[in-house]
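Just so it is clear, none of the values below were taken in a lab; they were calculated from the coordinates. The structure presented is a predicted model; accordingly, all values stated were derived computationally and were not measured. Because the Cβ atoms are built from the backbone with ideal geometry, glycine has one as well, and the counts that use them run over all protein chains shown.
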Amino acid sequence: MLHAGNLTCRIEIRHQTESEDAAGATVRNWAVFFRLWASIHHVRQTGGVESIQAGKLSESPHITVRVRFTERINHSMRVHYRGAVYNILTVQPDYLKREYTELLCEKTE
């Protein structure tokens with residue numbers, strides 16, 4: 001069971017929207033789809049959490065985010081948490097008990 005006490009991180013799920021600027025060109029923006037409480041865990045990579053990319057040491061950019069059950073989140077959306085932006089790689093709803101939806105996310109640059 002997913003208890004409220006386990007959902008300690010306030011996140012935003014954002015989706016891409018399109019609008020027109022003053023010149024009539026299409027502009028793409030990220031808008032808040034909804035805000036919710038979540039549980040967040042960093043994913044450990046095989047062989048250690050750190051890796052060397054482009055000559056510098058970096059931590060694993062992957063996290064798992066668990067929220068109450070919803071079917072409204074998809075992989076075209078993003079997670080915003082504490083100023084960091086994460087692309088959603090997979091969405092795994094718990095269809096059996098309908099308690100949670102788990103997201104595998106990767107930090108963007």
Task: Mean-position separation - Cα centroids, the range 5-28 and the range 72-87, in angstrom - done: 10
TODO: Subtracting the Cα-Cα distance from 0.36 nm times the residue separation, let me have the gained length for TRP30 to GLU106 in nm, one decimal.
DONE: 25.7 nm
Task: Estimated FRET transfer efficiency when R0 is 25 angstrom, pair HIS41-LEU96 (beta carbons, to 0.05) - done: 0.75
TODO: For a label point 7 Å from the Cα of PHE69 along Cα→C-beta, name the residues of the range 1-43 whose backbone N is under 17 Å from it.
DONE: 1-4
